[in-house]
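Reading through the structure tokens given below for one structure.
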Amino acid sequence: MPSAVDSVFEIAFWFSDRALNDNEYLQPIKLQYLMFLAQSYFAVAYEGKRLVPAIFVAEVVGPIEPSIYQTFTRGRPSLDVPINLNDDVRSFVDSIWRRFGHHSADYLAKLCRRNPAYKAALKRGRRAEIDLAEMRDSFVASTETPAVDSVVKPKVMRSHTGRAVEVKAWAPRKVKPS
């Protein structure tokens, strides 16, 4: 299944830039947890679709994306990666940041390490892949993590009369061929 963005670095740099704009230090491990939460909640919100074209693996410290982990361990790398997020993805990662960005790395570590998909992968061994379907299912069923509707808020705008309306992407109705 295709991902919503072209590169895992787009989301990593977005989180890094957002932390910088908010005058927050984003530890490399905290970035890992935010990426894991973003991928998981995106799969829940968008019916199993990937946010980033990446695979998360189970390590003792928690779920990590190996490429980002290696690249960001010595600080933000100087890569020329364009960040071309569409409005839906930008709104989504902004929701993740607003819900989890203010938490400490320790809090996010506990949250991610309690996740059943992570635990199952770690039982298989270090660096075992955490399956996206397992991530989605564990976030849907878990009482340890906030529900998707409390994390990803619908976009609300005002109509011409001032009434609040929920905004979502237009999807044409499906017509069965005759």
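Readers should treat all values here as calculations from the given coordinates under stated rules, not as data from a laboratory. Fair warning: this is a prediction, and the values are worked out from it, not measured in the lab. With ideal geometry, Cβ positions are generated from the backbone for all residues, glycine too; neighbour counts draw on all protein chains shown.
Some notes on this structure:
- Theoretical gain in end-to-end length, residue 160 to residue 173 [0.36 nm per residue, Cα-Cα removed]: 2.2 nm
- Distance (nanometres) between label positions extended 7 Å along Cα→Cβ at residue 24 and residue 49: 2.5 nm
- In loop segments of region 8-48 as defined by DSSP, the chymotrypsin sites (Phe, Trp or Tyr not before Pro) with at most 10 further C-beta atoms inside 10 Å of their C-beta are 25.
- Taking each residue as 0.36 nm, the span from residue 129 to residue 61 lengthens on full extension beyond its C-alpha to C-alpha distance by 23.0 nm.
- For the pair region 66-112 and region 1-37, the centres of their Cα atoms are 2 angstrom apart.
- Working from Cα pairs under 8 Å separated by at least six residues, relative contact order for region 8-167 is 29 percent.
- Counting only residues at least eight positions apart within a chain, or on another chain, the aspartates and glutamates with an alpha carbon under 19 Å from that of residue 30 are 10, 17, 22, 59, 65, 94, 106, 144.
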